[in-house]
1. Hand me the list of helices (runs of 4 or more DSSP H) wholly inside segment 1-113 holding 3 or more residues that are of a type outside the set (S, T, N, Q) and touching a Gly at 6+ places or on another chain (Cβ under 6 Å).
2. Report yes if some residue within segment 113-124 is touching a Phe, Trp or Tyr at 6+ places or on another chain (Cβ under 9 Å) and either open to solvent by 50 Å² or more (accessible area, probe 1.4 Å) or on the phi > 0 side of the Ramachandran plot (or both); otherwise report no.
3. If I go through segment 143-169 residue by residue, how many of them are in a helix (DSSP H, G or I) and surrounded by fewer than 17 Cβ atoms within 10 Å (Cβ to Cβ)?
4. Does Ser82 count as of a type in the set (S, T, N, Q), in contact (Cβ under 8 Å) with a residue 24 or more places away in the chain and either over 21 Å from Pro58 (Cβ atoms) or surrounded by 18 or more Cβ atoms within 10 Å (Cβ to Cβ) (or both)?
5. Could you check segment 23-46 and list, in sequence order, the residues that are within 14 Å of the chain's Cα centre (by Cα) and either in contact (Cβ under 8 Å) with a residue 60 or more places away in the chain or within 20 Å of Val140 (Cα to Cα) (or both)?
6. I'm trying to understand the selection: among the residues of segment 54-76, which are open to solvent by 60 Å² or more (accessible area, probe 1.4 Å) and of a type in the set (Val, Ile, Thr)?
7. When the residues of segment 85-112 are filtered to those that are of a type in the set (A, V, I, L, M) and open to solvent by 60 Å² or more (accessible area, probe 1.4 Å), which remaining residue is farthest from Phe155 (Cα to Cα)?
8. Any idea how many residues of segment 130-142 are surrounded by 11 or more Cβ atoms within 10 Å (Cβ to Cβ) and either part of a helix (DSSP H, G or I) or within 25 Å of the chain's Cα centre (by Cα) (or both)?
Amino acid sequence: MKRKTNRAVFRYIAFGFEILLLWVLQSTPKLLPELPGSKPFLLLAAALSFAACSKPVPAVVLGAVCGALSDISANGAIGYFSVAFTLVCYASAVLLNTYLNRNAMTSAVLALGSVIAVLLLYFLLFRVFAGVPDCGALFVRHYLPRMGYTALVFFPLYFLNSFLASKLK
């Protein structure tokens, strides 16, 4: 008698290892090359790639985990990134599962919009409204390159996670 294995468990274990690896890469100083003044936001790109390859409930859980790890890395308290990642992952997964054709280009456009939304809202809430001086220069030197770099990192993560999702279905 042949036993049927549940490959979904292995898929989520692989996603968990990927999250931990990216968290270490993102949190280690001077490990990743920096574009002018910024590093990519690896966990945001990973969360969006999970949302592009999953149903809404797993996408929300994986997005919340990535957001919580990002919050812990940023300030030690769980808050903004957990909520933001959860919302954009849910919205992306619902749009891709319900209304849009799931392909690399559609996923990339959604990811770019999500990256811009999350980082722009963060900039507005925690830099502009907090009264940080010279916000315009900070946005151009730090936040715009980070948005672009994160959007570029989305592509290899999307292809890796779509491969894992298709092989471990």
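The values are calculated or read from the model by the stated rules, or taken from the named source; none is laboratory data. Fair warning: this is a prediction, and the values are worked out from it, not measured in the lab. All Cβ positions, even for glycine, are placed from backbone atoms using ideal geometry, and neighbour counts span all protein chains on display. To get the accessible areas, we keep the full protein, side chains included, count just its heavy atoms, and leave off ligands, DNA and RNA. Shrake-Rupley method; radii C 1.70, N 1.55, O 1.52, S 1.80 Å.
1. 80-94
2. Yes; the residues of segment 113-124 include at least one that is touching a Phe, Trp or Tyr at 6+ places or on another chain (Cβ under 9 Å) and either open to solvent by 50 Å² or more (accessible area, probe 1.4 Å) or on the phi > 0 side of the Ramachandran plot (or both).
3. 9
4. Judged against the criteria, Ser82 is not a match.
5. Within segment 23-46, Lys39, Pro40, Phe41, Leu42, Leu44, Ala45, Ala46 meet the criteria.
6. Val57, Val61, Val65, Ile72
7. Only one residue fits best here, namely Leu87.
8. Let us first name the residues in segment 130-142 that are surrounded by 11 or more Cβ atoms within 10 Å (Cβ to Cβ), namely 132, 135, 138-142.
Narrowing further to those that are either part of a helix (DSSP H, G or I) or within 25 Å of the chain's Cα centre (by Cα) (or both): 135, 138-142.
Qualifying residue count for the region: 6.
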